[in-house]
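Read the structure below first, then the notes.
The values are calculated or read from the model by the stated rules, or taken from the named source; none is laboratory data. Everything numeric here is computed off the predicted structure, so don't read it as measured data. Here the Cβ is made from the backbone with ideal geometry for all residues, glycine too, and neighbour counts use every protein chain on show. Side chains are part of the model used for accessible areas, which takes the heavy atoms of the whole protein and leaves out ligands, DNA and RNA. Shrake-Rupley method; radii C 1.70, N 1.55, O 1.52, S 1.80 Å.
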Amino acid sequence: MTPVISKLPQTGTTIFTVMSALASEVGAINLSQGFPDFDTPPKLIALVNAAMKAGHNQYAPMAGVVALREQIAEKTEKLYGAVYNPETEITVTAGGTQAIFTAITATINPNDEVIIFEPAFDCYAPAIKLAGGIVKSLELEPPDYRIPWAMVKRLINNKTRMIILNTPHNPTGTILHREDIDELTAIVKNQDILLLSDEVYEHLIYDGETHHSMARYPELRQRSFIVASFGKPFHATGWKVGYCMAPEFLMSEFRKVHQFLVFSVNAPIQYAIADYLRDESTYLSLPAFFQEKRDYFRKGLEQSRFKLLPCSGSYFQSVTFNGITDEKDTDFALRLTKDFGVASIPTSVFYTRGTDHHVLRFCFAKRQETLDKAVERLLKV
Ligand code: GLN
């Protein structure tokens, strides 16, 4: 057998695949991997169908269907007051993960340092390592998971090339606040540091909070790749369509990689989303829609032995299980799936060191009946 030297020797199968597979094997309610169990809007599906019937079934332009890039530019200007040129500064991607991988591959050179905040979505570190970069992780702690900016400052040196941000945050459901933006701005000013801002939950933000997109702040925008998703807002995670925005000098590098990674993204769905985005209520209605689900799920769990952590955005509710068991979160998540029939995500897997704060993440993007059944089972724990 020809030996292969693994490029990711420590990396196993992503927790989302592991937990979803287990949930389906044992017939558990799957609140682990984040995806809705309700329908994609029929109007959007009809638009995809119409685009296919209209013959939009061949390669889309490499950077994305022009009408869609124009709609993205319009939405971004309306929401964040930022002008992006659809010709040169916006690229449609096969989901957020591809955009993140592409941005990192295009800009991180061997031995460049990239700062990430843990718990961190699990695709960041492997992409950095594959590019030859060095992961510099800073651990955040429950219940608030605030970024310790003084420690960030201490981590920065002349090899620091990028900081990865994620707001609203997966897995914790926390968000960046105005003070975080001010700290970040002071830190990167006059430094050659890029930002990669994972904002795939931008429209899922609650209690009237503001989404602090990097697009709002010129000092940050000029050095940022902003990654967004259509799967989350439009209840269609399986379509794997998202996008990336960045100033032209960054986007031109991004496209050099994008063109050989996926070339382009499936065409009919792009035409459909371009049409669908014309009605802003399709995304402006989302905070109310998901906040109701968040509140419903939280209320149900209030009587349980789990302790609810704050949730300001995303479709994830985290809980601690101190007082229920001393088990590791990974063991408890398995037992909860097998014995109680509810699958969750243990958050220690998002820490390089496996730090276990006894926190599980549940996805509440589910029909009311699903949440009812899950709560009924969780109350027995
Ligand atoms: N973003 C989703 C989650 O956090 C799943 C992503 C994936 O399965 N790769 O659950």
Kindly list the number of the only condition in (1) farther than 28 Å from Asp198 by Cα; (2) in contact (Cβ under 8 Å) with a residue 40 or more places away in the chain that fails for Asp326.
-> (2)
Criterion violated by Ser348 - all others in (1) surrounded by fewer than 24 Cβ atoms within 10 Å (Cβ to Cβ); (2) closer than 30 Å to Ala54 by Cβ; (3) in contact with a helix residue (DSSP H, G or I) (Cβ under 8 Å, 6 or more places away or on another chain) satisfied | (2)
Looking at segment 55-99, which of the residues that are more than 24 Å from the chain's Cα centre (by Cα) and without any contact (Cβ under 8 Å) to a residue 60 or more places away in the chain is nearest to the ligand (Cβ to nearest atom)?
-> Val66
Going through (1) in a helix (DSSP H, G or I); (2) within 15 Å of the ligand (Cβ to nearest atom); (3) within 21 Å of Ile269 (Cβ to Cβ) one by one, Leu22 fails only at (3)
Qualifying helices (runs of 4 or more DSSP H) (wholly inside segment 113-208; at least 2 residues being without any contact (Cβ under 8 Å) to a residue 12 or more places away in the chain and either surrounded by fewer than 24 Cβ atoms within 10 Å (Cβ to Cβ) or polar (S, T, N, Q) (or both)) | 149-155, 178-188
Exclusive hit being over 20 Å from Asn109 (Cα atoms) and away from the ligand (no atom under 16 Å from the Cβ), set Thr237, Thr210 | Thr210
Consider Leu250 carefully, then state whether it is in contact (Cβ under 8 Å) with a residue 60 or more places away in the chain and open to solvent by 50 Å² or more (accessible area, probe 1.4 Å).
-> no
For Leu47, are the conditions met, namely being in contact (Cβ under 8 Å) with a residue 12 or more places away in the chain and more than 16 Å from the ligand (Cβ to nearest atom)?
-> yes
Exactly one of Leu371, Leu308, Leu301 is more than 16 Å from the ligand (Cβ to nearest atom), over 24 Å from the mean Cα position of the chain (by Cα) and open to solvent by less than 60 Å² (accessible area, probe 1.4 Å), and that residue is Leu301
For segment 130-142, enumerate the residues that are in contact with a Lys or Arg (Cβ under 9 Å, 6 or more places away or on another chain) and over 20 Å from Ser224 (Cα atoms).
-> Leu130, Glu139, Leu140
For Gly313, the lone unmet condition from (1) small (Gly, Ala, Ser); (2) away from the ligand (no atom under 16 Å from the Cβ); (3) surrounded by 15 or more Cβ atoms within 10 Å (Cβ to Cβ) is (2)
From the list Thr40, Thr91, Thr97, Thr105, which residue is among the β-branched types (Val, Ile, Thr), surrounded by 13 or more Cβ atoms within 10 Å (Cβ to Cβ) and in a loop (DSSP other than H, G, I, E, B)?
-> Thr40
